[in-house]
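Working notes for the structure below.
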C-alpha cells in the first residue's frame with residue numbers, strides 16, 4: 001500500500017518503522033528537515049518537508065495516488081485539516097487522525113464524515129482504558145481483549161514462591177484447576193511459543209489465554225489475592241490523568257492527583273470536582289509520604305518524563321503499594337525494564353500504533369482481515385483474532401491433521417458464546433472466532449496465511 005504519514009514524532013516514527021518493515025510504500029511529511037533525514041537513513045522511505053495540511057505539500061507527497069493518510073502531528077487542528085484536505089484532493093483515500101483534546105471528542109465523532117475521517121485515535125484515552133482494566137484485575141501486568149470481550153490474553157510474572165514456578169505446561173491444569181493456555185513465554189528477553197514439555201521458571205513473563213470468567217479463579221488458585229481498589233494515587237496531571245480519573249470516579253474509586261503546574265491543578269480541580277488535586281512535585285519523598293502513598297491501593301505514575309515515572313514507581317514498590325502502573329513513552333530498553341519492580345508498564349504510543357496497524361491490515365486485506373491485533377512479549381509476538389469465513393481452508397478438520405507454519409499456535413476457538421481452548425481434536429467452521437499467536441517473522445494478514 002502507498003501510505004503517507006504526516007508527523008515524524010514518537011508515534012509517527014514507530015509507525016514508519018512497523019509499516020516499512022511490512023513492505024508498504026511510505027512517504028513521510030514533517031516540517032523539520034533534520035528529523036526527516038534521520039528517518040530516511042533508518043528506513044527505506046520517501047520524505048517531504050513542509051506543512052502537511054497544505055495542498056502543495058500533500059500533492060508533492062503523492063496524495064492523489066495514496067491509499068491511506070495517517071496524521072500524527074502534535075496539533076489536533078493540523079491533523080484534522082490535513083485529513084480534510086487529503087480527502088478533498090482524493091475522495092477514495094482512507095484517513096486516520098490523532099485527536100487528543102477531550103473537548104473535540106464528541107464533535108469529531110459526530111462530524112467525522114464532514115472532516116473526511118476514517119478513524120480517530122486518542123492515545124491517552126486508550127491508555128486510560130487499559131489502566132482501568134488492569135486496576136480491576138490487579139494480579140496481571142497486562143490484559144488484551146478478544147472475541148467481543150469474552151476472551152483475554154493476560155501477562156503475569158512468575159515469582160520464586162509462585163505455584164507455577166518449575167511447573168511443566170502438561171501439569172498446569174492440575175495446579176490452576178481451571179481452563180487456561182500458556183500461549184507465549186518471555187525468558188531472558190526472548191519470546192518462546194511453548195509446547196507441553198516446556199517448564200516455567202522464576203522470572204518468566206507468561207502470556208495466558210483464558211475466558212474472562214476463568215481469570216478470577218485462576219488468580220485465586222495460584223495464590224494471588226486481589227481486592228477492589230478504593231484509593232488510587234496519580235502522579236502527574238496531563239490528559240491521561242484526566243481521562244483515567246474520570247473513569248475511576250465513575251467506578252466509585254477515590255482518586256488523588258499530584259501535579260506540579262499550578263494552572264493545570266486549577267483546571268483539573270474545575271473539570272473533576274470529585275477528585276482531590278494536590279499542587280506539588282510528585283517526585284518529592286516528603287510530599288508522597290504526606291499524601292499517604294503507603295496507604296493507597298494503586299499508584300499510577302503519569303508524568304511526562306519516563307525516568308521520573310520509573311523512580312516514583314520504584315519508591316512506591318519500596319512503600320509496599322499493592323499495585324503499580326508506570327507510563328512510559330519509550331520502550332527501547334526492555335531488558336533493563338524487566339529487572340525493575342515498576343509493576344505494569346503502559347505505553348500510549350504502542351497502544352495507538354497497534355490500533356493503526358490493525359486498520360492498515362484491514363484496508364490492505366478487505367476479505368478475511370484481522371479483527372484485532374495485539375503486540376505481546378515486548379513486541380516479539382502478535383496475538384491476532386480472525387473470523388472464519390467461506391474462504392478459510394481446513395474447516396471441520398481436526399487441528400492435529402493441519403500443518404501450521406513454524407512459530408504459530410492456535411490458542412482459542414469461540415463458537416458463538418462457547419469458548420474453547422483447542423487441542424488436537426478441535427476444529428473450526430464458518431462464523432467461529434479463531435485467535436492465533438505468532439512470532440513476528442512473517443506478517444499474518446488473513447487466517448489462511450498460518451497454514452503450510
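Among the residues of region 423-452, those identified as assigned to a loop (DSSP other than H, G, I, E, B) and farther than 25 Å from residue 190 by Cα are 423, 424, 425, 426, 427, 428, 429, 430, 431, 432, 446.
Looking at 442, 385, just one residue is touching a helix residue (DSSP H, G or I) at 6+ places or on another chain (Cβ under 8 Å), crowded, with 21+ Cβ neighbours inside 10 Å and at negative phi, and that residue is 385. When 436, 402, 342, 376 are screened for being modelled with pLDDT of 95 or more and surrounded by 19 or more Cβ atoms within 10 Å (Cβ to Cβ), only 436 passes. Exactly one residue out of 202, 210 is touching a residue at least 24 places away in the same chain (Cβ under 8 Å), touching a strand residue (DSSP E or B) at 6+ places or on another chain (Cβ under 8 Å) and at negative phi: that is 210. Those strands (runs of 3 or more DSSP E) of region 1-91 in which at least 1 residues are surrounded by fewer than 23 Cβ atoms within 10 Å (Cβ to Cβ) and out of contact with any helix residue (DSSP H, G or I) (no Cβ under 7 Å at 6 or more places or on another chain), considering only elements entirely within it, cover 2-6, 25-30, 46-49.
Residue 336 meets each of the listed conditions (1) crowded, with 16+ Cβ neighbours inside 10 Å; (2) outside any loop (DSSP other than H, G, I, E, B); (3) modelled with pLDDT under 95 apart from (1). The residue that is nearest to the chain's Cα centre (by Cα), among those in region 125-170 that are surrounded by fewer than 18 Cβ atoms within 10 Å (Cβ to Cβ) and in a strand (DSSP E or B), is 145. Scanning region 183-202 for residues that are surrounded by 20 or more Cβ atoms within 10 Å (Cβ to Cβ) and either assigned by TED's automatic domain parsing to the domain that holds residue 435 or in a strand (DSSP E or B) (or both) yields a total of 5. Here residue 80 meets each of (1) in contact with a strand residue (DSSP E or B) (Cβ under 7 Å, 6 or more places away or on another chain); (2) over 21 Å from residue 359 (Cα atoms) with one exception, condition (2). Yes or no: region 316-330 includes at least one residue that is surrounded by fewer than 18 Cβ atoms within 10 Å (Cβ to Cβ) and under 30 Å from residue 16 (Cα atoms). Yes: one or more hits.
Residues that are within 23 Å of residue 243 (Cβ to Cβ) and surrounded by 12 or more Cβ atoms within 10 Å (Cβ to Cβ) within region 289-304 comprise 291, 293, 296, 297, 298, 299, 300, 301, 302, 303, listed in sequence order.
The values are calculated or read from the model by the stated rules, or taken from the named source; none is laboratory data. This one's a predicted model, so the numbers in the text were calculated from it and none came from an experiment. As a convention, Cβ positions derive from the backbone with ideal geometry for all residues, glycine included, and neighbour counts pool all protein chains shown.
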